[in-house]
Amino acid sequence: MQDQPIAGTGSVPAADEVAGWVLATLLERQPALVPLDDLVRELVVPGFDLPATFVEDSANELIQAGLAHRLDRFFFASHAAVRAEELRP
C-alpha cells in the first residue's frame, strides 16, 4: 500500500501514516465508539482519494498491535493506547 498511486491523485500516504491518523482520531474521541464511516470522513487527505478499505486496514493493524478494539463497525482506542498518550510529555 505504501506509495502506490491512485489514478489522478498522486501517491497514497504510507500505511503507518494512515494508522497514525486513525489512532489520533480514536484518542481524540475516546471513550466514544467511532464508526468506520466517521473515520473515513475525518481522514480527509488533500490531493488523495483515501478508500475506506485503507482506513479499515489501518484500524485493523492497530487492533493487532493492541492499540484499538472493534465492536462490529465501531472502533475505539485501547486502554494501553490511552495510557501511553497520557504518559507522553
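The values are calculated or read from the model by the stated rules, or taken from the named source; none is laboratory data. These numbers were taken from a predicted model, which means no experiment stands behind them. Reconstructed Cβ throughout: ideal geometry from the backbone, glycine too, with neighbour counts over all protein chains shown.
Can you work out which of the residues in segment 52-73 that are in contact (Cβ under 8 Å) with a residue 40 or more places away in the chain and over 12 Å from L26 (Cβ atoms) is surrounded by the fewest Cβ atoms within 10 Å (Cβ to Cβ)?
D57
Scan segment 4-39 for residues that are under 15 Å from F74 (Cα atoms) and either modelled with pLDDT under 90 or crowded, with 19+ Cβ neighbours inside 10 Å (or both) and jot them down.
Listed by number, the residues that qualify are V22, L23, T25, L26, V34, L39.
Considering only segment 74-89, how many residues are surrounded by 14 or more Cβ atoms within 10 Å (Cβ to Cβ) and assigned to a loop (DSSP other than H, G, I, E, B)?
Going through segment 74-89 one residue at a time, the tally reaches 1.
Which ones in segment 31-73 are assigned to a loop (DSSP other than H, G, I, E, B) and either among the basic types (K, R) or closer than 23 Å to E86 by Cβ (or both)?
First, pick out the residues of segment 31-73 that are assigned to a loop (DSSP other than H, G, I, E, B): 31-33, 43-51, 65-67, 72-73.
Correct list: P31, A32, L33, A65, G66, L67, R73.
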